[in-house]
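Worksheet: one structure, shown below.
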Amino acid sequence: MNVELVSPGDFIPLPAGWEERSLLAERGRKLGFYHFDPYAQALAKLERDHARDRDDLRALVRSGLVDSGRLRRYFEEIEPMLYRFPAIDPPAFRERVEHAQTVDPDVGQGPEF
């Protein structure tokens, strides 16, 4: 098995406060394990835009871990820094974030974004 350690920060600028939004998964006696900030994960998934990423985003919204209004605010925060990631198409990324706001958390469905 090949394991690659990557984080959303390898693909997009991270919004401020991502550390505080990271969720505790498990705590040992001397060590804690955290899930990366769900908003940074959601933004990275929107930028990548694979079918699995769209399903994951719907699940994040449905579970209440991500609010689409806050997601857009975090995107607007990182948008001026997108120039540091030349593979990103900022207008297409913005469009996917805007479409993500129409995800219905009750049914987890929304347009194809």
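Within segment 46-55, is there a residue that is under 17 Å from Ala16 (Cα atoms), of a type outside the set (Lys, Arg), loosely packed, with under 13 Cβ neighbours inside 10 Å and at pLDDT below 95?
Checked segment 46-55: no residue is under 17 Å from Ala16 (Cα atoms), of a type outside the set (Lys, Arg), loosely packed, with under 13 Cβ neighbours inside 10 Å and at pLDDT below 95.
Within segment 62-99, can you find the residues that are in a loop (DSSP other than H, G, I, E, B), among the polar types (S, T, N, Q) and buried (at least 16 other Cβ atoms within 10 Å of the Cβ)? Break it down stepwise before answering.
At the first step, the residues of segment 62-99 found to be in a loop (DSSP other than H, G, I, E, B) are 63-67, 85-89.
This time we only want the ones that are among the polar types (S, T, N, Q), so: 63.
Those that are in a loop (DSSP other than H, G, I, E, B), among the polar types (S, T, N, Q) and buried (at least 16 other Cβ atoms within 10 Å of the Cβ): none in segment 62-99.
Here are some residues: Arg58, Arg48. Which one is basic (Lys, Arg) and under 18 Å from Pro13 (Cβ atoms)?
Values: Arg58 fails: under 18 Å from Pro13 (Cβ atoms).
Testing whether each residue is basic (Lys, Arg) and under 18 Å from Pro13 (Cβ atoms) leaves just Arg48.
So that you can scan it fast, the table gives a plain yes or no per residue for (1) under 11 Å from the mean Cα position of the chain (by Cα); (2) in a strand (DSSP E or B); (3) of a type in the set (A, V, I, L, M):
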position: Gly9; (1), (2), (3): yes, no, no
position: Ile12; (1), (2), (3): yes, no, yes
position: Ala16; (1), (2), (3): no, no, yes
position: Glu19; (1), (2), (3): no, no, no
position: Ala25; (1), (2), (3): no, yes, yes
position: Tyr34; (1), (2), (3): no, yes, no
position: Ala40; (1), (2), (3): yes, no, yes
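Is it true that some residue in segment 8-15 is in contact (Cβ under 8 Å) with a residue 60 or more places away in the chain and farther than 15 Å from Leu71 by Cα?
Filtering segment 8-15 down to residues in contact (Cβ under 8 Å) with a residue 60 or more places away in the chain leaves 11-15.
If we keep only those that are farther than 15 Å from Leu71 by Cα too, we end up with 11.
Yes, that holds for at least one residue.
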For this session: Could you figure out which of (1) under 21 Å from Ser7 (Cβ atoms); (2) at pLDDT 90 or above; (3) under 15 Å from the mean Cα position of the chain (by Cα) isn't true of Ala100?
Result: (2)
Seminar exercise, completed: If you go through Gly32, Gly17, the only one that is closer than 20 Å to Ser7 by Cα, of a type in the set (Gly, Ala, Ser) and at pLDDT 95 or above is Gly17
Problem set entry | Flag if Ala59 is at negative phi and part of a helix (DSSP H, G or I) | yes
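The values are calculated or read from the model by the stated rules, or taken from the named source; none is laboratory data. No experiment lies behind these values; they were computed from the predicted model shown. Backbone-built Cβ (ideal geometry, glycine too); neighbour counts: all protein chains shown.
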